[in-house]
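Asks: I'd like to ask you about the structure that follows.
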Amino acid sequence: MYDEPTRDRALALLAQHTLSEVSRRTGVSRAALRDWRAGGPSRSPAACPRCSGATLGASYAELLGFYLGDGHISRAPRYFALRVSCDAAYPSIIDEVETAIREVRPGARVFRVRAPGVVVVQAHWKHWPCLFPQHGPGRKHERPIVLEDWQRTIVEAQPAAFLRGLFHSDGCRARNWTTRVVAGEKKRYDYPRWQFTNVSADIREICCWALDLVDVAWRQSNHQTISVSTRAGVARLDELIGLKS
């Protein structure tokens, strides 16, 4: 990894010398020099915001929601891979996941791996566990998932972004219906409902806590589903997170 001053010096030398000469003088690989000369990435990937003490905001809160919903971190020899599985039917959400990754880690190379009905958005970095300390062996519902104090502070400041990540990964907006007898006549009523489904009781509890932060009424409709079904609650959630697209 090369810092910005090294890159600037190398580009200046490339105006007068060959790749081999500039590589010898600066210690920069010829491959990196070719990339810079062709207009490749203009700056080195950002340092870890947790390690450097930088501020994390809405983009991180949203990415945290996506990670808890449909995200996974796996270890490779020299880095960790963050992967978020997205429904291929919602291209805007796929774009949002990629944008959130790039904003949390400027300069990252983000890949899209396609499978039937799914697009996995992934990026490699050795610092992903710093940002997502919930990472661990096994599936998330088989181990405790507890937010760190600093993560809770971010969610408290950006609850809408966090809920957007949660509901746009493991949630849906459905239309339910029921029938009632009015003046002797059976009538059908349709109404919208937001639902968040996750096998992890800890993640469901975190979702409920975030809904409480924005005064959205919820209930647990079955052992793994949280529902928002009041008219006011659905309207509020629509306003905060928008529809899936």
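Asks: Consider Asp170 carefully, then state whether it is within 19 Å of Asp238 (Cα to Cα), buried (at least 16 other Cβ atoms within 10 Å of the Cβ) and among the acidic types (Asp, Glu).
Replies: In short, yes.
Asks: From the list Val84, Val97, Val146, which residue is among the aliphatic types (A, V, I, L, M) and in a loop (DSSP other than H, G, I, E, B)?
Replies: Residue meeting the stated conditions: Val146.
Asks: Any chance you could count how many residues in region 9-43 are at pLDDT below 70 and assigned to a helix (DSSP H, G or I)?
Replies: 1
The values are calculated or read from the model by the stated rules, or taken from the named source; none is laboratory data. Keep in mind it's a predicted model, so treat the numbers as computed, not measured. Note: ideal-geometry Cβ built from the backbone for every residue, glycine included; neighbour counts use all protein chains shown.
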